[in-house]
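J.: So that we are looking at the same thing, I have put the structure below in C-alpha cells.
The values are calculated or read from the model by the stated rules, or taken from the named source; none is laboratory data. Everything numeric here is computed off the predicted structure, so don't read it as measured data. Cβ placement follows ideal geometry from the backbone for every residue including glycine, while neighbour counts extend to all protein chains displayed.
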Amino acid sequence: MQNTETLPTSEFAPLAPEIPRRPGGVLTPAQEEILIGERRLLGALGAAIAPLEPDPADLDSLRQAGLDLDELFLLVVAGEFNAGKSAFINALLGERFLTEGVTPTTAVVTLLRYGEQARAGMVSDDLAENEFPAPFLRDITVVDTPGTNAIIRRHEQLTRHFVPRADLVLFVTSADRPFTESERIFLETIRDWGKKIVIVLNKIDLLQTPQDLQRVIDFISENAHLLLGFTPDIFPVAARVALQGKQLAATPGPQQARGAALVKASRFDQLEAFIFSTLDEAGRLRLKFLTPLGVAERAVERYRLAATDRLTVLADDAKTNDNIDQQLAVYETDMAEGFAHRLADIENILYELRERGDVFFDDLIKISRIRDLMNADKVRGEFERAVVADSAARVDGAVQGLIDWMVDHDLRMWQAVQEYLDRRQAVRGREDRMIGQIGRQFEYNRTQLLQSVGAKATQVVQGYDREREALTLAEDMRQAVIQTGAAAGLAGIGAGLALAFTAAWFDATAILATTLFAGVALVVLPLKKRQAKEDFHNKIAQLRENLATGMTEQFNSELARSVERIYDAIAPYTRFVKAEHAKVSGAATELERLAGEFARLRRRIEG
C-alpha cells in the first residue's frame with residue numbers, strides 16, 4: 001500500500017509489530033506471484049477508497065493485512081469467557097500453562113509462540129507474549145483472546161480487533177450454553193470478515209447422553225448455517241478431560257493406558273488431527289493468502305455500498321440542480337412572454353395617440369379653421385387636450401405595472417428556490433443513515449452547502465424590499481429610455497413622452513406656416529395636411545421604437561441579473577455535486593474492477 005507510514009492507525013496498532021515474523025522460506029514462482037499480486041491489490045484498494053473518506057480503522061486493517069503476509073500463521077481462539085478457551089489451548093499444549101477460571105481470566109490478547117522454555121511476559125498493557133516448547137508453535141502463533149461477552153468492554157474490542165488478522169478462527173462454545181446471543185453477534189463479525197471458522201463445542205462431559213450431545217450439535221449446526229450461510233466444521237470435545245488424559249499418558253506406569261482412554265473419550269484427538277492436517281505447510285500458506293483477501297473483500301463490499309449510496313444521494317442532488325435549472329428556464333421564458341404582452345399594452349397607447357392625432361389634423365387643417373391655425377397657443381392647447389390627453393399617465397401606469405410585475409416574479413422565483421431547498425433538506429434523514437456509515441466529511445460538506453444555499457435564499461426572501469426594488473428598477477428603466485432618446489430626463493417616462501408628443505406635433509405642423517402666409521392655402525393645404533400627418537406618424541413610430549428598445553434592453557439586463565443572482569447563490573452546491581459525482585463514480589468504477597481482481601485471486605488461491 002502506498003505511503004503506509006502516514007496512514008492513520010487504530011488504538012490497537014501497536015499490537016501488530018509485536019507478532020513474530022515467519023522464518024524465511026522459499027516460495028514457488030507461482031506463490032511468489034500471488035504474494036506480489038496480493039500486496040499490489042491491497043495498495044490499489046487503499047488508493048481506491050481514499051476519495052470516500054475511509055474510516056482510519058479500515059485503512060489500518062488493510063495496512064495490517066499486508067504486513068500479516070510476512071508473519072507466522074495466526075490461529076485465533078475466540079468465544080465467550082468461561083467457554084473454556086484457555087482450557088482448550090492447555091489441552092493442545094498438553095500442560096496447564098494458561099490460567100483457567102470461571103471469571104474472565106484472559107484480560108488481554110495473549111500470543112503463544114515457540115520457545116525453548118515455557119515463559120510468560122507482558123509486551124504492553126494490551127498484549128501478552130508467552131513462549132512454550134510445543135513443536136507446532138514453530139510455524140503457528142496461537143492467539144488467545146478475551147471473552148466476547150466480557151464485562152470489561154475493552155476485552156471485546158481487543159477480540160474484535162484481532163479477528164481480521166486471523167488465518168483460522170477456532171470458535172469455542174460451551175455445551176451448557178451453546179450458541180448464545182453474544183456468540184451469534186460475534187460470529188456475524190467473523191462472517192463479515194470472510195474468515196475460515198471451526199466451531200469447538202467444549203465441555204461435552206457435562207452432557208448426560210449421546211442423544212443430548214447430538215441435539216446440541218444439531219442446534220449449533222442449524223443456527224450456524226442460518227447465520228453464516230454454510231455449516232462449519234464442528235468438533236465436540238472435553239478439553240479438561242483431554243488435558244488430564246494427556247498428562248496421564250505422559251506419565252510412565254499403569255496410568256498411561258487410562259490417559260489414552262481419556263483422550264479418546266474427550267474426542268480431542270479428532271480435533272487435533274483435523275487442525276494439524278489442515279495446517280500443514282500447503283494448507284497454512286493457502287489460508288495465509290486468503291486472510292488478506294477476507295479483509296480486502298469486506299472493505300470492497302463496504303465501500304462499494306457506500307459509493308452506491310452516495311451516488312444515489314448525489315443523483316437526487318443533481319436532480320435538484322436540474323429542477324432549479326428547469327425552473328429558471330421556464331421563469332425566463334414566462335418573463336419574456338409576459339414582458340412582450342406588457343410592452344404591447346404600452347405600444348397600444350401610442351397607436352391610440354397616433355389615431356387621435358390623425359383625427360385632430362383632419363379637423364384642424366382645413367380652410368374653415370385658418371384663423372385658428374394662426375393662433376399657435378390655442379392650437380397647442382387643443383392638441384394636448386384632444387391628442388395627448390391622459391396618454392402620459394397611462395404610459396406611466398403601464399410602466400409601473402410592468403416594474404411591479406417584474407419585482408413580484410423575481411421574489412417568487414427566490415421563494416420557489418428556497419422552498420425547494422427546504423424540501424431537499426427535509427429528506428436528509430434517510431440519506432444521513434446511508435452516507436454516515438463511512439466517513440462523515442462528505443455528509444458534513446454536503447449538509448453545510450445545503451444549509452448555506454438555503455440560508456442565502458431565505459436571507460434574500462426575508463430581506464426583500466419590494467418598494468426599494470421597484471424604485472431602483474424604475475430609475476434604471478427611465479435611464480435606459482432616456483439613453484434611446486425616447487424621453488427627457490424627468491421623473492416619469494410618461495411625462496417625458498408627453499414632451500416628445502408635443503415636439504412631434506410642432507415638427508408636423510411647422511410646415512403649415514409658409515402655406516398660410518403665402519395666400520395659396522386653398523391649393524396646397526390638403527397636400528400639406530397629408531405631409532404633416534405622415535411626418536407625425538414617423539415621429540410617433542420612431543418614438544415607439546426607441547421606447548421599446550430602451551425598455552427591452554433594460555428588461556433583458558434585469559432578467560439576466562435576477563437569474564445570475566440565483567445561480568451565484570447555488571453555485572457552490574452545484575460545483576460540489578458535480579465534483580463529488582465525478583470523484584465517487586471514479587471510486588465506484590475502481591472498486592468494481594478490484595472486486596473482480598480479488599475474486600480471480602481467490603479462485604487461483606483456492607484452486
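J.: Can you give me the number of residues within the range 237-246 that are buried (at least 23 other Cβ atoms within 10 Å of the Cβ) and within 10 Å of ILE204 (Cβ to Cβ)?
T.: Within the range 237-246, residues that are buried (at least 23 other Cβ atoms within 10 Å of the Cβ) and within 10 Å of ILE204 (Cβ to Cβ) number 3.
J.: Quick one: ARG304 ticks every box in (1) over 36 Å from the mean Cα position of the chain (by Cα); (2) in a helix (DSSP H, G or I) except a single one, so which number is it?
T.: With (1) over 36 Å from the mean Cα position of the chain (by Cα); (2) in a helix (DSSP H, G or I) applied to ARG304, the lone miss is (1).
J.: Can you spot a residue in the range 63-75 that is under 23 Å from LEU170 (Cα atoms), more than 37 Å from the chain's Cα centre (by Cα) and at pLDDT 85 or above?
T.: Yes, that holds for at least one residue.
J.: From the list GLU592, GLU545, GLU564, GLU580, pick out the single residue that is part of a helix (DSSP H, G or I) and crowded, with 17+ Cβ neighbours inside 10 Å.
T.: Answer to the check: GLU580.
J.: Taking the conditions exactly as written (over 30 Å from ASP192 (Cβ atoms) and crowded, with 19+ Cβ neighbours inside 10 Å), does LEU353 satisfy them or not?
T.: When the stated conditions are applied, LEU353 passes them.
J.: Has the range 352-374 got at least one residue that is among the polar types (S, T, N, Q) and modelled with pLDDT under 85?
T.: Within the range 352-374, one or more residues are among the polar types (S, T, N, Q) and modelled with pLDDT under 85.
J.: Looking at the range 205-220, which of its residues are buried (at least 16 other Cβ atoms within 10 Å of the Cβ) and under 23 Å from PHE186 (Cβ atoms)?
T.: If the condition is that a residue be buried (at least 16 other Cβ atoms within 10 Å of the Cβ) and under 23 Å from PHE186 (Cβ atoms), then VAL216, ILE217, ILE220 are the ones that fit.
J.: Can you tell which of ALA560, ALA548 is small (Gly, Ala, Ser) and modelled with pLDDT of 85 or more?
T.: ALA560
Listed here are the residues, each with its yes/no results for (1) closer than 17 Å to LEU168 by Cβ; (2) among the hydrophobic types (A, V, I, L, M, F, W, C); (3) at pLDDT below 85.
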| site | (1), (2), (3) |
| --- | --- |
| LYS246 | no, no, no |
| ALA249 | no, yes, no |
| LEU271 | yes, yes, no |
| PHE274 | yes, yes, no |
| THR291 | yes, no, yes |
| ALA296 | no, yes, no |
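J.: How about the range 247-264: which of its residues are surrounded by 15 or more Cβ atoms within 10 Å (Cβ to Cβ) and either among the aromatic types (Phe, Trp, Tyr) or out of contact with any helix residue (DSSP H, G or I) (no Cβ under 6 Å at 6 or more places or on another chain) (or both)?
T.: Within the range 247-264, GLN247 is the sole residue that qualifies.
J.: OK, next. Here is a check on your reading of the model: is GLU297 acidic (Asp, Glu) and touching a residue at least 60 places away in the same chain (Cβ under 8 Å)?
T.: yes
J.: I'm trying to understand the selection: among the residues of the range 317-333, which are at pLDDT 85 or above and either over 18 Å from GLN415 (Cα atoms) or loosely packed, with under 12 Cβ neighbours inside 10 Å (or both)?
T.: Within the range 317-333, ALA318, LYS319, ASP322, GLN326, ALA329, VAL330, THR333 qualify.
J.: Quick test of your reading of the structure: LEU112 fulfils all but one of (1) surrounded by 23 or more Cβ atoms within 10 Å (Cβ to Cβ); (2) in contact (Cβ under 8 Å) with a residue 40 or more places away in the chain. Name the failing condition by number.
T.: Of everything listed in (1) surrounded by 23 or more Cβ atoms within 10 Å (Cβ to Cβ); (2) in contact (Cβ under 8 Å) with a residue 40 or more places away in the chain, LEU112 misses just condition (2).
J.: Related question: In contact with a Ser or Thr (Cβ under 7 Å, 6 or more places away or on another chain) and without any contact (Cβ under 8 Å) to a residue 40 or more places away in the chain: does that describe ILE217?
T.: no
J.: Does GLY46 fit the bill of being out of contact with any strand residue (DSSP E or B) (no Cβ under 8 Å at 6 or more places or on another chain) and in contact (Cβ under 8 Å) with a residue 12 or more places away in the chain?
T.: yes
J.: Still on this structure: Could you list, ordered by first residue, the pairs with Cβ atoms under 8 Å in which the first is in the range 382-397 and over 15 Å from ARG544 (Cα atoms) and the second is modelled with pLDDT of 75 or more and not hydrophobic (A, V, I, L, M, F, W, C), at least 6 apart or interchain?
T.: Listed by first residue and then by second, the contacts come to ALA386/ARG356; VAL387/ARG356; VAL387/GLY357; ALA389/ARG356.
J.: Next question, about the same structure. Kindly indicate whether GLY338 is at pLDDT below 85 and of a type in the set (Gly, Ala, Ser).
T.: No; evaluated as a whole, the condition is false for this residue.
J.: Please determine whether any residue of the range 160-176 is modelled with pLDDT of 85 or more and over 21 Å from VAL241 (Cβ atoms).
T.: yes
J.: How many residues does the range 253-291 hold that are among the small types (Gly, Ala, Ser) and closer than 30 Å to LEU35 by Cα?
T.: Residues in the range 253-291 being among the small types (Gly, Ala, Ser) and closer than 30 Å to LEU35 by Cα: 4 in total.
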